[in-house]
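The values are calculated or read from the model by the stated rules, or taken from the named source; none is laboratory data. Note that this is a predicted model, so its numbers are computed, not measured. Don't worry about glycine lacking a Cβ; one is built from the backbone with ideal geometry, like all the others, and counts go over all protein chains shown.
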Amino acid sequence: MGVFSSLIGDIPGDLSAIDHLAAQIHDQAEAVQLIGDEFRTTIRKTTIWTGRSREAFEESANRQQHRFARLYEGLEAAASDIAGYAREVASAKHYIHNRLLPRLVEMDRIYEAASKEERPVIYASFSHESESIAHDYYVRIESLKWAAEILSQALREALRLEPVSRNRSVAGTANDPSRTQRLDEADISRINTELSLLKSGNYNLHQVQQGTIGDCYFISAILALMNTPKGQEQLAKGVTQHFNSSGQVDGYMVRIYDNPLLPSPGSYSLVLVRETYANGANSGEGASIVSIYEKAYAQLTPGGVNESSFLNGDGITSNTNGQGLLRVTGRGSHLVNYQEASIKSIFGSGLNYDAQERQEVVEALRSGKPVTTATVYAPIFGNSNRIPATVMIDGNNETIQIYAHHSYMIKSANETSLTLVNPHGRNPGINHQRSILHGEFSMSWSEFEKYFGYITIGEIP
């Protein structure tokens, strides 16, 4: 090769092999669909009987049908993604061979035709242009590397089977927390609108509603970021659109911090989300920004929506407020009043928040830090899962139910009171009164100390 044409190389990738792989996976998807159809036909022909064995059979059959459908959709999506990547490789090859390389070959021709005395001058005259072409080539290669990374994430998600709920009372039913649904056009339009609102710092956090998954610590962390324009911007930066082979948005790449494979501070994983939990967090109208963050987080855990514990493995149900903040900020957090709260839980009494601790919380909120709390280490609950509390809502005294072992976001605070937000998006009244909407309420520090344990203060990058 010549002096200038050697500045760039070919685009890596065997187009015929990539296209063949896409076709093979598409054929596999059709085979899975055929097996799923045959399975459903067999189930319908099964002799009807009643009792617990029949219920267990139907539960298992429903799960298997869902898995067939999920695998078919995943394989079809994988085939489409690979075909889309093939087009990107083909486009890059065409650009290199028809735009960049011909010009470099022309430079070589002029350079080689010149005398030894003229060559240094000619080389210098082409220096800037050749460097620009080499940079263009480098940009194309980096873009293709990124496309390959996105493809790898897409393929990982395409072949992932959702861990089923261990709760036998709802598994396989419409109330199953692990039940998923694909994003449709309305969902994508809604999420795109929410992304724009986050980028401008105008997202209304009161529309967030936690679903039936026990990840209040994670939803509260997202709410805590939504409490400031900087936090909203952080959430917006963590989401980018994913396009299918037709150029249409079919999902989102979501950034979740603390990649278990890269345990360094601020490390993260990019997760492709094409579906959300049907009974998961939402914005009241359907799938939302919080929905795709929740799904991305669950996709990184082997237990999915199940409980996180030593015996049951790693799922997103039940964890600490600090873990929730870490997942969306990549930063650590610290606790206020933790030791006093622990003592209180053991002996039934203990030190409350002193003036210095209250001021620390006030200053953290004023400086835009995300702040959450939880109803842990609070003897007042006893064996009850919720108890009444009189609070201030929209300027009026209201009696609501405060949940035990539940996380809340602290929206604001001063020396005498705090304003909190329930991630459920509402607060239940007493004696079967209707839920009080929007989830926000205020209470004095002395009342707060009765129901809530330590406070968690995070950081925004």
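Ser435 falls short of the stated requirement of being in contact (Cβ under 8 Å) with a residue 24 or more places away in the chain, of a type outside the set (Val, Ile, Thr) and in the same structural domain as Met392 (by the TED database). Taken over region 103-120, the criterion of being loosely packed, with under 12 Cβ neighbours inside 10 Å and either outside any helix (DSSP H, G or I) or not assigned by the TED database to the domain that holds Ala134 (or both) is satisfied by Ser115, Lys116, Glu117. Annotation note: of Arg99, Arg160, Arg166, Arg156, the sole residue that is in a helix (DSSP H, G or I), in contact (Cβ under 8 Å) with a residue 24 or more places away in the chain and among the basic types (Lys, Arg) is Arg156. When the criteria are applied in full, Ala147 fails the requirement of being in the same structural domain as Tyr72 (by the TED database), more than 23 Å from Gly74 (Cα to Cα) and small (Gly, Ala, Ser).
In region 417-461, which residue that is of a type in the set (S, T, N, Q) and modelled with pLDDT of 95 or more is surrounded by the most Cβ atoms within 10 Å (Cβ to Cβ)?
Asn422
Given the criteria surrounded by fewer than 17 Cβ atoms within 10 Å (Cβ to Cβ) and more than 30 Å from Glu59 (Cα to Cα), does Ser125 qualify? Yes; evaluated as a whole, the condition is true for this residue. Only residues that are among the hydrophobic types (A, V, I, L, M, F, W, C) and outside any helix (DSSP H, G or I) were counted in region 49-70, giving 1.
The rows are residues; the columns are (1) closer than 26 Å to Val376 by Cβ; (2) surrounded by fewer than 22 Cβ atoms within 10 Å (Cβ to Cβ); (3) over 14 Å from the mean Cα position of the chain (by Cα); (4) small (Gly, Ala, Ser).
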{"residue": "Pro229", "(1), (2), (3), (4)": "no, yes, yes, no"}
{"residue": "Glu233", "(1), (2), (3), (4)": "no, yes, yes, no"}
{"residue": "His242", "(1), (2), (3), (4)": "no, yes, no, no"}
{"residue": "Ser267", "(1), (2), (3), (4)": "no, yes, yes, yes"}
{"residue": "Leu272", "(1), (2), (3), (4)": "no, no, no, no"}
{"residue": "Glu285", "(1), (2), (3), (4)": "no, yes, yes, no"}
{"residue": "Ile289", "(1), (2), (3), (4)": "no, no, no, no"}
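Given the condition under 28 Å from the mean Cα position of the chain (by Cα) and surrounded by 12 or more Cβ atoms within 10 Å (Cβ to Cβ), answer yes or no: does some residue in region 38-54 qualify? For region 38-54, residues under 28 Å from the mean Cα position of the chain (by Cα) and surrounded by 12 or more Cβ atoms within 10 Å (Cβ to Cβ): absent.
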